[in-house]
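**Q** Quick one: the structure is below, and I'll ask about it shortly.
Nothing in this text is a laboratory measurement; each read-out follows from the coordinates by a stated rule. These figures come from a predicted structure and were not determined experimentally. Quick reminder, even Gly has a Cβ in these numbers, built from the backbone with ideal geometry, and neighbours come from all protein chains shown.
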Amino acid sequence: MSSLSSVWYTRCPAPTPLSIAHQLGWIDKQFQSAGVAVRSIRDSKDPSVRQSHFTHALDYSFRQGGNIPPIWARSGGRETRVVGITTTDEFQAIIALPGSGIATAGDLKGRRIGVPRQPNSYVVDFQRATALKGIVSALSLDGLDPRDVELVYLDTNEGNLIERGNATFLGLKRRYPYGDELLALAAGKIDAFFVKGAEGIVLANQIGVVVVAEFGFHPDPKIRINNGTPRPLTVDARILDEYFDLVVDLVSTVASVGDWAASNPDTAVRFIANEIGVGEDAVWAANGPDVHRHLGLALDEDQVAAFDHFKRFLLDWDFIPDDFDVFGWIDRRPLEAASQRSAA
């Protein structure tokens, strides 16, 4: 086996310990000590490379972020493994305009709810899946289901724009979500739509909406689980099989962010805000006053069970091609080895 010269990695604009470890310089330092260069998938100029953010197609790669793309890739046969999970709850809500007569989830009956849709994407339509899961969760709070409302699909290409510095971003790092839904709401084409996270709470604040239902911190994990809750750290099977110790190093480095963040809350939130492209107050508001205490890496049974529940949702709604064993997808060895190393 030849030595490894470089690895690929990608992360979502979200609260993850991988993102913080990257901004602290820990990831580059860890791999450089092994003589391995770290290359960013999202920053690549090659579109086929950037697509691996969703497809996990590159060998010798790792990823942490929303769970729909890696579930979809694994369902399609891509050999990856989950080596850690971060559960950071976040604002999730259905919003409507004042004067709409919609104040509770029960008021949504017979109303039009906007759902973003990517009509020509060959990767999973994660925005549509995220919105639909949020809608299903919200409706269930008042005993309703999607048959009780009119789902209005809004075609968009926003989900494919992942490269940083794209000219259409007007100098910003990225395009924020919910633009199509906001225009449809303002035009009277829909009555409500789903938002989440720091971007969602900023938008809700900006236009002075009615928060019809908020369930991002609901006690039932089946209600609050969505694309961002929880966020897995995944690696392709090849790097795990051929360079196991390197994966242990990675897991150890990412896991160590948990204790660091708990001791450095303001800096941790500043890093999260920088990653998303919002103010720090939006992170505190969207993720709660204890966000810095929920940036660790674990593989708890309830986290894996939540994954399995969400996989079944994606299967029932035809977002993934085939069923697979979520529990068999988990590889606990790197985290166990990292924990033993830490204890020693």
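**Q** For segment 26-93, which trypsin sites (Lys or Arg not before Pro) are both in a DSSP coil and crowded by at most 11 other Cβ atoms within 10 Å?
**A** Answer by residue number: Lys45.
**Q** Put +1 on the Cβ of each Lys and Arg and -1 on the Cβ of each Asp and Glu in segment 92-224; which of Val212, Leu183, Val123 then has its Cα farthest toward the positive end of the dipole?
**A** Val123
**Q** Hey, fewest Cβ within 10 Å first, where do Arg147, Arg312 land in order?
**A** The order, fewest Cβ neighbours first, is Arg147, Arg312.
**Q** To the nearest 20 debye, what is the magnitude of the charge dipole of the chain about its Cα centre, counting +1 on the Cβ of each Lys and Arg and -1 on the Cβ of each Asp and Glu?
**A** Dipole of the chain, to the nearest 20 debye: 640 debye.
**Q** Taking the beta-carbon count within 10 Å as an exposure proxy, list Tyr153, Tyr178, Tyr9 from fewest neighbours to most.
**A** Ascending number of Cβ neighbours within 10 Å: Tyr153, Tyr9, Tyr178.
**Q** Among the listed pairs Lys45/Lys189; Lys29/Lys196; Lys29/Lys311; Lys189/Lys311; Lys29/Lys173, which have their C-alpha atoms separated by more than 26 angstrom in this model?
**A** From Lys45/Lys189; Lys29/Lys196; Lys29/Lys311; Lys189/Lys311; Lys29/Lys173, over 26 Å: Lys45/Lys189; Lys29/Lys196; Lys29/Lys311; Lys189/Lys311.
**Q** Tilt of helix 333-343 relative to the longest C-alpha principal axis of the chain, in degrees (0 to 90, nearest 10)?
**A** Taking the Cα atoms of the chain, the angle to 333-343 is about 70 degrees.
**Q** Then there's this: Estimate the FRET efficiency between Lys173 and Asn205 by the formula 1/(1 + (r/R0)^6), using the beta-carbon distance for r and 25 Å for R0, to the nearest 0.05.
**A** That pair, Lys173 with Asn205, gives E of 0.75.
**Q** If you don't mind, another one. Picking from Ala268, Ser256, Ala282, whose Cα lies most toward the positive end of the charge dipole for segment 191-314 (charges on Cβ: Lys, Arg +1; Asp, Glu -1)?
**A** With unit charges placed on the Cβ atoms, the residue in question is Ala282.
**Q** Okay, next question. For the chain, what is the mean residue ellipticity at 222 nm derived from helices alone (per DSSP H run of n ≥ 4: -39500 (n - 2.57); sum divided by total residues; nearest 500 deg cm²/dmol)?
**A** Roughly -11500 deg cm²/dmol at 222 nm, from the helical runs in the chain.
**Q** Ok, one more. With a/c under 1.5 counting as rounded, go ahead and sort segment 92-224 into rounded, prolate or oblate using the C-alpha gyration tensor (a ≥ b ≥ c being the square roots of the eigenvalues; past the cut-off, prolate if a/b is larger than b/c, else oblate).
**A** Verdict is prolate for segment 92-224.
**Q** A further question follows. Quick check for me: using +1 on Lys/Arg Cβ and -1 on Asp/Glu Cβ, what's the dipole size of segment 239-344 about its Cα centre, in debye to the nearest 20?
**A** Roughly 360 debye, rounded to the nearest 20.
**Q** Here is a further query. Over the chain, what is the percentage of antiparallel beta bridges among all DSSP beta bridges, to the nearest 5?
**A** Taking every DSSP beta bridge within the chain, about 55 percent pair in antiparallel fashion.
**Q** Which of Glu181, Glu301 comes first, and how do the rest follow, when ranked by fewest Cβ neighbours within 10 Å?
**A** Least crowded to most crowded, the residues run Glu301, Glu181.
**Q** Charges only on Cβ, +1 for Lys and Arg, -1 for Asp and Glu: so what's the dipole of segment 1-97 about the Cα centre, in debye to the nearest 20?
**A** Around 160 debye, computed over segment 1-97.
**Q** Ok, one more. With springs connecting C-alpha atoms under 10 Å apart, model the chain as a Gaussian network and identify which of Gly66, Gly171, Gly216 has the largest mean-square fluctuation.
**A** Gly171
**Q** To continue, here is another question. Starting from the 7 Å offset along Cα-to-Cβ, what nm value, one decimal, do you get for the label separation of Lys45 and Glu280?
**A** 3.6 nm
**Q** Which one, Leu151, Pro230, Ser3, is farthest towards the positive end of the dipole of the chain when Lys and Arg carry +1 and Asp and Glu -1 on their Cβ?
**A** Of Leu151, Pro230, Ser3, it is Ser3.
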